[in-house]
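**Q** Right, I'll just put the structure down here and ask away after.
Each reported figure results from applying straightforward, stated rules to the coordinates on display, with no laboratory input. These numbers come from a predicted model, not from an experiment. Cβ: placed from backbone, ideal geometry, glycine included. Neighbour counts: every protein chain shown.
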There are 2 protein chains.
Amino acid sequence: MTKRPAENPEAAEAPAPPAEPRWLTEGEQRTWLAYRHASTLLEDYLDRQLQRDAGMTHVYYGLLVRLAEAPRRRMRMTELAEHAKITRSRLSHAVARLEGNGWVRREECPSDKRGQLAVLTDEGYEMLRRSAPGHVEAVRTAVFDRLTPEQAELFGEVCRIVAAGLQPAGGDVPWLR
Amino acid sequence: MTKRPAENPEAAEAPAPPAEPRWLTEGEQRTWLAYRHASTLLEDYLDRQLQRDAGMTHVYYGLLVRLAEAPRRRMRMTELAEHAKITRSRLSHAVARLEGNGWVRREECPSDKRGQLAVLTDEGYEMLRRSAPGHVEAVRTAVFDRLTPEQAELFGEVCRIVAAGLQPAGGDVPWLR
DNA sequence: AGAGAGTGCTTGAAGGTTCAAGCACGTCGC
DNA sequence: GCGACGTGCTTGAACCTTCAAGCACTCTCT
């Protein structure tokens, strides 16, 4: 409910906002709803495509991509989690699964005995090479083919602003522990 | 991997794309990554805020909002699922949980004995009224306070385009069964 | 060197989502 | 009216994510 309820919520508010909430304008509501729809549908579309063609969700796929682009195709767990914007816990579970698939292997970190390296296997790389064309096609179809270059550019700009504001470094609260 | 891999993938492609994949340009890659970051962080941020202040995720919250805005605060299950862009199955589980919380109640549909109506209870409405200010504040903080009105407007436009393209009605494939 | 605090990662349980069935009712055509 | 197919919704199992601990190692300070 980003819109004011029918009745007047004067006193007795939730913990955070002290005064009258700054409700969204009509236009902001429409924008917000549009964003919600777009991101829900897009997430779904990409997850289905990748689940079908690569046997994993978009998040897992993204992890493999990051590994593929890292030097020596390996990365510290924490660093990988930060790049992917997910919690360490989630990454642990994810790598366990990907390890089961033979796409990732773990290695001890030579410089820190607590540390673990996630390493993309050759199998993993090969899987990525096979499914990349289908994925990029899906992204194009769903997004870039429908936008003018100017729209795409501005969309990127907006996303960068929003992401920066929620970044643990950029904001002032460490949302991702 | 929306970027071309290091080696040249000439022959032996994935099922879908027949010829050389249309890889993303440098700028498109940056935009895509920014979108992924923004949506991941935003989803997380909102879910945490609502989990903390309202005891449910953003999706569940959205369902209650839709019910609150529906005539007589009730809606057919299928219709609600379509509005929320989720599967019927997911909605069934969700309503079961919300029913357990006392925020939603089910009613038989008078005109179709197969049908079910999800009805927002008074408790549910009250919960919404209490948590709405905190939620709208979070949305403002994360998004609208950081964008100029022009940026917000264009962002909404882009989202509408993308969503329309993925809509079962708008596209040509029924992604949501 | 050693205690205490911090870091890196994992674990298990609780809850959410998806997928494939499945049941009940409606609709269409004979 | 009755069979076949379609629709509305639910169910259970498999999998994913979160949350709260927990273990092992490192760092800091004395």
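**Q** Over the C-alpha atoms of segment A:34-150, what are the Rg and the largest Cα-to-Cα span, Dmax, in Å?
**A** That works out to 15.5, 50 Å for Rg and Dmax.
**Q** Using alpha-carbon pairs under 8 Å, 6+ residues apart, how would you state the relative contact order of segment B:45-129 in percent?
**A** Details: 99 pairs, mean separation 23.9, N = 85.
Rounded, it is 28 percent for segment B:45-129.
**Q** Run the simple label-point estimate for A:R146 and A:E26 please: 7 Å along Cα→C-beta, distance reported in nm.
**A** 2.5 nm
**Q** Another one. Name the long-range amide H neighbours of B:M56: under 5 Å, sequence gap of 5 or more, or other chain; modelled H, no Pro or chain starts.
**A** B:Q51
**Q** Take B:V104, A:V119 and order them by how many other Cβ atoms sit within 10 Å, fewest up front.
**A** Numbers: B:V104 25, A:V119 17.
Ascending Cβ contact count within 10 Å gives the list A:V119, B:V104.
**Q** So, one more: Return the aspartates and glutamates within reach of B:K85: Cα separation strictly under 18 angstrom, same-chain partners fewer than 8 residues apart disregarded; answer none if there are no such residues.
**A** A:E43, A:D44, A:D47, B:E43, B:D47, B:E69, B:D172
**Q** Need the C-alpha centroid separation for segment B:91-119 versus segment B:42-66, integer Å.
**A** The distance from the Cα centre of segment B:91-119 to that of segment B:42-66 comes to 20 Å.
**Q** What translational diffusion coefficient, in µm²/s and rounded to a whole number, does the Stokes-Einstein relation yield for segment A:15-59 at 4 °C and a viscosity of 1.567 mPa s, taking the hydrodynamic radius as the Kirkwood radius over Cα pairs? Please list the in-between numbers first.
**A** Values: Rh = 13.1 Å.
Approximately 99 µm²/s, per Stokes-Einstein.
**Q** Collect residues whose amide H, placed 1.01 Å from N in the peptide plane, falls under 5 Å from the amide H of A:L24; neighbours closer than 5 in sequence don't count.
**A** Placed amide hydrogens put A:R4 under 5 Å from A:L24.
**Q** Follow-up. Put the label 7 Å from Cα along Cα→Cβ for B:A96; what are its distances to the other copies, in nanometres, shortest first?
**A** Label-point separations across copies, in nm and ascending: 2.5.
**Q** Given H placed 1.01 Å from N in the peptide plane, which residues other than close sequence neighbours of A:L117 have an amide H under 5 Å from its amide H?
**A** Under 5 Å from the amide H of A:L117: A:E107, A:E108, A:C109.
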